[in-house]
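What follows is a short report on a single structure.
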Amino acid sequence: MSDTEKTKAQAEQAKGKEALGRMTGNQRMTADGHADQAKGNARQAKEDVKDTFRHH
């Protein structure tokens with residue numbers, strides 16, 4: 001599995017965690033899912049910067 005596929009899978013998992021938290025009224029799970037998404041976005045941005053410099 002490539003890094004891009006892993007990142008996408010983790011993003012989907014975080015979205016699911018947040019959605020499940022909202023459905024069940026579990027604020028902690030909702031917050032955890034949201035935090036996981038933010039971490040994933042930061043990780044993806046870091047990889048994008050690396051790729052930009054690698055290709056120049």
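Bear in mind that the values in this text are calculations on the coordinates, not laboratory data. All values derive from a computational prediction rather than experimental measurement. Cβ sites come from the backbone with ideal geometry, for glycine too, and all protein chains shown count toward neighbours.
Of the peptides 9-15, 19-25, the order by per-residue mean of other Cβ atoms within 10 Å, starting with the highest, comes out as 9-15, 19-25. A Cα-only calculation for the chain places Rg and Dmax at 13.8, 48 Å. Local charge for Arg28 was computed over the other residues whose Cβ lies under 14 Å away, with Lys and Arg +1 and Asp and Glu -1, and equals -1.
Each Lys or Arg adds one and each Asp or Glu subtracts one; over the other residues with Cβ under 12 Å from the Cβ of Asp3, this totals +1. Tilt of helix 3-24 relative to the longest C-alpha principal axis of the chain, in degrees (0 to 90, nearest 10)? Orientation of helix 3-24: about 20 degrees from the principal axis.
A simple charge model with +1 on the Cβ of Lys and Arg, -1 on the Cβ of Asp and Glu and nothing else charged puts the dipole of the chain at about 120 debye relative to its Cα centre. For helix 27-54, what angle does its Cα long axis make with the longest principal axis of the chain, in degrees from 0 to 90 and rounded to 10? Approximately 10 degrees, to the nearest 10.
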